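Chemist: Dumping the structure here so I can ask a few things about it.
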Amino acid sequence: MSRHIPLVLIPLLALAALPLVGSVPTWVTLTVAGLAMGMMIFMMASGLTLVFGLMDVMNFAHGIFISVGAYGAATVLTRMGGQMQGGTLAGDLSVMLPAVAAAIALAAVMGWFFERVLIRPVYGDHLKQILITMGGLIVFEQLIHVVWGADMIPLPRPGAITGSFILGDAAIERYRVAAVVVGLVVFAAMWLVLNRTRIGLLVRAGVENPEMVESLGYRIRRLFVGVFVAGSGLAGLGGAMWAMYQEQVTPQMGMQVLVVVFIVVIIGGLGSVGGCFVGALLVGLMANYTGFLAPKLALGSNILLMVLVLLWRPRGLYPVGKA
Amino acid sequence: MPELRGPLLDLRGVNTHIGQYHILQGVDFVVPEKQLVMLLGRNGAGKTTCLRTIMGLWKASSGKVFFDGKEITRTATPDLARLGIAYVPENMGIFAGLTVRENLMLAARGGDPDDTRLERIFRLFPAMKKFWHSHAGNLSGGQKQMLAISRAIVEPRRLLLIDEPTKGLAPAIIGAMIEAFGELKRDTTLLVVEQNFHFAKSLGDAVAVMDSGRIVHTGAMAALAADGGLQQRLLGLSLHVHQ
């Protein structure tokens, strides 16, 4: 039963915001926007929480996978943008799918490189992990300046996901609905892999007690590389979705989102994908409601949310039973 | 004539450092095949470090460890498991977020656990069948220990390393453990760290006693159990105190 309590927080937060927002159509718009933002943050944060949980690695360079994914998608979208002019769904998909694939592939390759070159030598040493991953983030952010330039790149959003649905008096952006759908598909896929496959079983066990998994005859390092690469790819997907949402890409975007990503990972409980999902939705909703009610408090409200969650559950919403 | 075989496990002059501390200081002892060897000693004597060094979880700084005549001092932990060495740590190392079934599935590297072995596990520990779909974190201390041992024997193993299997268990559960270990030792070699002398005396074929990182006594368990003075000298307590 206690496992379901954090889930109740999502409708509770939404309902608590209704009287403060005052107007139902505005509340509906904000709620959908919050859920969409939450889904995108979940995609960016899910890999990081598994990396934390599985190998106890503090990876501050995770933001670079978000940026690189966004730039990968931007490159494809700007080069193939002509195909989207027809305004057909098929035309849009023929550009969006390669853009998303490029984002995932580029971020995954970057993740493999980071694990191999930067993180592997500093396993078990948090201070060195923080220093080297922060350094890596700065170096690769500068490399983005070299490859794509320092200026913001405007992104064309495909016609099929531009515009809004009108629901009563509420306007709901199509892109936000698409983001919610993609987020749900990613969450469902992760849930299935983690709960219905042997690899998933190993990952769940590894998050709890990596030493015991090794003692049973499994090479946890190989598993970790796989999770690291998959998590980086997901961050790239999240970055691409976030860039299309913002309709622009900047070299700093990964670093900027990283703060929220860390808040989500901490709220959810280190290593918990389910906690990360609930935490991301709470943070997305909170950011949108406070962004409307008191814009200057948007980031502060999420820090307050984190503080409140940690006062209630010091190890996050869904603490993983670490050995 | 019975076939003469060397020891299954052989430690020669093993030293282990953890950080600046010199824990194992030239440990020598053997575990003969198909015997249950009890590793006894006071708290802090180095018993757990000894098991972890054998399992490759801490690396020996010098000395050699042989398993079935082959040196395994530098062999990685997963490879030791594949050679047939199973380890049950002092904290049992069960995966609390996984069900009993999932814990056992993970230990059966070939896929699903073999039916015959599962039946044996259910016979030794009926609670495992009863709580098959329960999360391991919800089991009692004794049931968790049963799960930890079941996981170690769900596949055929040549050597079981078990650290304090009776720690914190109620006397009734210890009785069930003695029965289970009695059956296990018929076809498996075991090295068991234990503080409960009654348990050790009931099951051990041989004994090695550690003190300050060294082996200070090896011999037959029965001989140590019969010699109160020796127990007092080696362990600081005589047998009747533990019973």
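Chemist: When you go through A:282, A:299, A:258, A:223 one by one, which is the residue that is modelled with pLDDT of 95 or more and either out of contact with any Pro (no Cβ under 7 Å at 6 or more places or on another chain) or of a type in the set (Gly, Ala, Ser) (or both)?
Modeler: Values: A:299 fails: modelled with pLDDT of 95 or more; A:258 fails: modelled with pLDDT of 95 or more; A:223 fails: modelled with pLDDT of 95 or more.
A:282 is the lone residue from the list that is modelled with pLDDT of 95 or more and either out of contact with any Pro (no Cβ under 7 Å at 6 or more places or on another chain) or of a type in the set (Gly, Ala, Ser) (or both).
Chemist: Then there is this: Scan region A:232-245 and tell me whether some residue there is open to solvent by less than 30 Å² (accessible area, probe 1.4 Å), touching a residue at least 60 places away in the same chain (Cβ under 8 Å), within 27 Å of residue A:154 (Cβ to Cβ) and in contact with a Lys or Arg (Cβ under 6 Å, 6 or more places away or on another chain).
Modeler: Yes, the conditions are met somewhere in region A:232-245.
Chemist: Pick out the one residue from A:233, A:200 that is within 16 Å of residue A:51 (Cα to Cα) and at pLDDT 95 or above.
Modeler: That would be A:233, the only listed residue that is within 16 Å of residue A:51 (Cα to Cα) and at pLDDT 95 or above.
Chemist: What number of residues in region A:216-243 are in contact with a helix residue (DSSP H, G or I) (Cβ under 7 Å, 6 or more places away or on another chain), on the phi < 0 side of the Ramachandran plot and either more than 14 Å from chain B (Cβ to nearest Cβ) or small (Gly, Ala, Ser) (or both)? Spell out the reasoning first.
Modeler: Step one: of region A:216-243, the residues in contact with a helix residue (DSSP H, G or I) (Cβ under 7 Å, 6 or more places away or on another chain) are A:216-220, A:223-225, A:227-243.
Now restrict to residues that are on the phi < 0 side of the Ramachandran plot: A:216, A:218-220, A:223-225, A:227-243.
If we keep only those that are either more than 14 Å from chain B (Cβ to nearest Cβ) or small (Gly, Ala, Ser) (or both) as well, we get A:225, A:227-243.
So the count comes out to 18.
Chemist: Any residue that is in contact with a Leu (Cβ under 9 Å, 6 or more places away or on another chain) and closer than 19 Å to residue B:54 by Cα - is there at least one of those in region B:162-177? Write out each step before concluding.
Modeler: Kept after step one, since they are in contact with a Leu (Cβ under 9 Å, 6 or more places away or on another chain), are these residues of region B:162-177: B:162-163, B:176-177.
Imposing the further condition that a residue be closer than 19 Å to residue B:54 by Cα reduces the set to B:162-163.
Taking every residue of region B:162-177 in turn, at least one turns out to be in contact with a Leu (Cβ under 9 Å, 6 or more places away or on another chain) and closer than 19 Å to residue B:54 by Cα.
Chemist: Checking the conditions here, which among A:220, A:144, A:172 is under 30 Å from residue B:84 (Cα atoms) and buried (at least 18 other Cβ atoms within 10 Å of the Cβ)? Talk me through it step by step, then tell me what you get.
Modeler: Numbers: A:144 fails: under 30 Å from residue B:84 (Cα atoms); A:172 fails: under 30 Å from residue B:84 (Cα atoms).
Only one candidate qualifies: A:220.
Chemist: Hey, another quick one. When the residues of region B:63-112 are filtered to those that are open to solvent by 40 Å² or more (accessible area, probe 1.4 Å) and part of a helix (DSSP H, G or I), which remaining residue is nearest to the other protein chains (Cβ to nearest Cβ)?
Modeler: The qualifying residue nearest to the other protein chains (Cβ to nearest Cβ) is B:82.
Chemist: Name the residues in region A:246-273 that are in a helix (DSSP H, G or I), surrounded by fewer than 22 Cβ atoms within 10 Å (Cβ to Cβ) and not aliphatic (A, V, I, L, M), would you?
Modeler: Within region A:246-273, A:246, A:256, A:262 meet the criteria.
Chemist: Another question about this same structure. Of A:46, A:67, which residue is assigned to a helix (DSSP H, G or I), buried (at least 23 other Cβ atoms within 10 Å of the Cβ) and in contact with a Pro (Cβ under 8 Å, 6 or more places away or on another chain)? Talk me through it step by step, then tell me what you get.
Modeler: On the way: A:46 fails: in contact with a Pro (Cβ under 8 Å, 6 or more places away or on another chain).
Among A:46, A:67, only A:67 is assigned to a helix (DSSP H, G or I), buried (at least 23 other Cβ atoms within 10 Å of the Cβ) and in contact with a Pro (Cβ under 8 Å, 6 or more places away or on another chain).
Chemist: Next question. Take residues that are within 14 Å of chain B (Cβ to nearest Cβ) and over 23 Å from residue A:242 (Cα atoms) and tell me which of the helices (runs of 4 or more DSSP H) falling wholly in region A:100-215 contain 3 or more.
Modeler: Numbers: elements: A:126-148, A:174-196, A:198-208, A:210-215.
By residue number, A:174-196, A:198-208, A:210-215.
Chemist: Let me ask something else about it. Out of A:152, A:190, I need the residue that is under 22 Å from residue A:62 (Cα atoms) and open to solvent by 40 Å² or more (accessible area, probe 1.4 Å). Which one?
Modeler: Working: A:190 fails: open to solvent by 40 Å² or more (accessible area, probe 1.4 Å).
Exactly one residue qualifies, and that residue is A:152.
Chemist: Condition first: over 25 Å from residue B:219 (Cβ atoms) and part of a loop (DSSP other than H, G, I, E, B). Can you find one or more residues in region B:7-19 that meet it? First the steps, then the outcome.
Modeler: First pass over region B:7-19, keeping only residues over 25 Å from residue B:219 (Cβ atoms): B:17-19.
From the residues that got through so far, the ones that are part of a loop (DSSP other than H, G, I, E, B) too are B:19.
Within region B:7-19 (the criterion being over 25 Å from residue B:219 (Cβ atoms) and part of a loop (DSSP other than H, G, I, E, B)), the answer is yes, since at least one residue qualifies.
Chemist: From A:75, A:26, grab the single residue that is within 30 Å of residue A:145 (Cβ to Cβ), modelled with pLDDT of 90 or more and in contact with a helix residue (DSSP H, G or I) (Cβ under 9 Å, 6 or more places away or on another chain).
Modeler: Exactly one residue qualifies, and that residue is A:75.
Chemist: If you go through region B:146-170, how many residues are away from chain A (no Cβ under 14 Å) and touching a strand residue (DSSP E or B) at 6+ places or on another chain (Cβ under 8 Å)? It would help to see each step written out before you state the result.
Modeler: Of the residues in region B:146-170, the ones away from chain A (no Cβ under 14 Å) are B:146, B:164-170.
If we keep only those that are touching a strand residue (DSSP E or B) at 6+ places or on another chain (Cβ under 8 Å) as well, we get B:164-165.
Qualifying residue count, region B:146-170: 2.
Chemist: Quickly run through region B:22-38 and pick out the residues that are open to solvent by less than 30 Å² (accessible area, probe 1.4 Å) and not aromatic (Phe, Trp, Tyr).
Modeler: Here is the first cut: in region B:22-38, the ones open to solvent by less than 30 Å² (accessible area, probe 1.4 Å) are B:24, B:26-27, B:29, B:31, B:36-38.
Hits for region B:22-38 are B:24, B:26, B:27, B:31, B:36, B:37, B:38.
Chemist: Then there is this: Is it true that residue A:138 is within 18 Å of residue A:249 (Cα to Cα), more than 19 Å from the chain's Cα centre (by Cα) and at pLDDT below 95? Spell out the reasoning first.
Modeler: Values: within 18 Å of residue A:249 (Cα to Cα): yes; more than 19 Å from the chain's Cα centre (by Cα): yes; at pLDDT below 95: yes.
Yes; evaluated as a whole, the condition is true for this residue.
The values are calculated or read from the model by the stated rules, or taken from the named source; none is laboratory data. If you're wondering where the values come from, they're calculated on a predicted model, not measured in any experiment. Here Cβ is always computed from backbone atoms with ideal geometry, including for glycine, and neighbour counts include all displayed protein chains. The protein model used for the area step is the full one, side chains on, heavy atoms only, and it has no ligands, DNA or RNA in it. Shrake-Rupley method; radii C 1.70, N 1.55, O 1.52, S 1.80 Å.
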